[in-house]
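As structure tokens, the structure follows; a few thoughts come after it.
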Amino acid sequence: MNNVQKGMYVLNEKKFLAYGGAHSENLLIHGDSLIVLELLKGKYGGKIDCIYMDPPYCSGTKNEHYADIFDQEEYFKVVKDILKLSFEILSEKGFLFVQMGREYAYTIRKFIESVYGSDNFRNEIIVRRDDYKTYSDLIHHLASGYDVIFVFSKNPNTMMPVLKERVGWGKRKGCWKNLYRTTACPQRQYGLCEIYPKNGEWRWTEQKSIRALQNYNQICDYAMKRHWDIEREFDYVYGHYVDDQDNMDEFPILRKKNDKMEFYIPPSDEIYVTDNWSDLVVRGNLTDFEHEVNQAIIRRMLGWITKEGDLLLDPFLGSGTSVIVASEMDRKWIGIEKEEYCCTDIRNRINKAINQKQGEKGSKGYSFLELTLNG
């Protein structure tokens, strides 16, 4: 990437700080995010697929690597300005993730909504904090047990993929659900086993429901021949029945029980993930960096929203976790960090991760840019 300049500032390419190829599309940038994003928006406006930011929390604490101490008014102004720039560079189908502690989380959410619009709010995700502190008998407030991640889209009409996680076969057991629902579509108001959906409808078409009833009868016959208790062991019976079939496609199952029509959801090695990510902890444990983000958070986020080749931006890079995971998952990335450890600790960590992936697809390295005064 050639040098980029605007007004008093310029982004200079530092080839001796690059890694794995001078022409990499990945960018590690040392400089103030607000100024850097202004310089980048000409080339990247509307082209970023996913933005993840874990900004300072303005908590008033001083850490080894950085001081989280800011004038509140200035802090809010900088965050709002960065959010405005993030909107400009995010693609029409892109998503923004903002991770925050409790200190100013909902103030920041208002700022995001003022830029992105309330129609683009998608989720407030909860991620668990592990707290090992000890306390005196009296406290001012309960300790915070979670961070929040606010998810916003650029366009309210953009749809998200369903988020699923593999949990191992059998951990999600089969279950029965009511076929009735309260909406009322005339095409789905028909009689089933002498039951009619009053003031509502069936979830399925009549053709599918009839087929599902037949499927249930087949499984009952299958269990009876083997002297299996279908009421107590339906998952077991279903699993054996499926294993005995060849090239079985969709196999809906429906039964009448207690004057209700129930359809069967089979066991699975996957679960649907909600906005409760308390199975993940906030803090990573691979470095001594304060507030290192857990790789599992980034991995879940990118696996859900992005695909190979998509471009991730992190304007508050911190320990570098987001771009390391992006490299591992064959996503392109831009990481921005204003502190000096961008040139040392972050580079060393990214370089080590690339070395471990050497020879594999996606191990492309990065170019290094530094923000300096022009002239």
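Just so you know, all these numbers are worked out from the coordinates, no wet-lab data involved. Computed from a predicted model, the values in this text were never measured in an experiment. Note that we place each Cβ from the backbone using ideal geometry, even for glycine, and neighbour counts take in every protein chain shown.
GNM remark for the chain: springs join alpha carbons under 10 Å apart, and the peak mean-square fluctuation among E233, E73, E124 falls on E233. Ranked by the mean number of other Cβ atoms within 10 Å per residue, highest first, peptides 259-266, 274-281 order as 259-266, 274-281.
Label separation (Q245 vs I139): 5.3 nm, computed from points 7 Å beyond Cα along the C-beta direction. Protection proxy ranking, highest mean first, for peptides 234-242, 93-101, 293-301: 93-101, 293-301, 234-242, where packing is the per-residue count of other beta-carbon atoms within 10 Å, averaged.
Only helical runs count toward this figure. For the chain, summing -39,500 (n - 2.57) over DSSP H runs of n ≥ 4 and dividing by all residues gives -9000 deg cm²/dmol at 222 nm. Less than 5 angstrom separates the built amide H of N26 from those of W333, S367, all sequence-distant by 5 or more or on a different chain.
Given +1 at the Cβ of Lys and Arg, -1 at the Cβ of Asp and Glu and no other charges, the dipole of the chain around its Cα centre is 860 debye to the nearest 20. The charge dipole of the range 93-218, taken about its Cα centre with unit charges on the Cβ atoms of Lys, Arg (+1), Asp and Glu (-1) only, comes to about 580 debye.
Projected label points at T182 and R226, each 7 Å from Cα along the beta carbon direction, are separated by 4.0 nanometres.
For the chain, averaging the sequence separation of C-alpha pairs within contact (under 8 Å, six or more residues apart) and dividing by the residue count gives a relative contact order of 29 percent. For the range 274-332, the dipole from Cβ point charges (+1 on Lys and Arg, -1 on Asp and Glu) about the Cα centre works out to 140 debye, to the nearest 20. Highest mean packing first, where packing is the average number of other Cβ atoms within 10 Å per residue, the peptides 110-116, 184-190 line up as 110-116, 184-190.
Think of the chain as a dipole: +1 on every Lys or Arg Cβ, -1 on every Asp or Glu Cβ, centred on the Cα centre; then among M159, N12, Y366, M159 lies furthest on the positive end.
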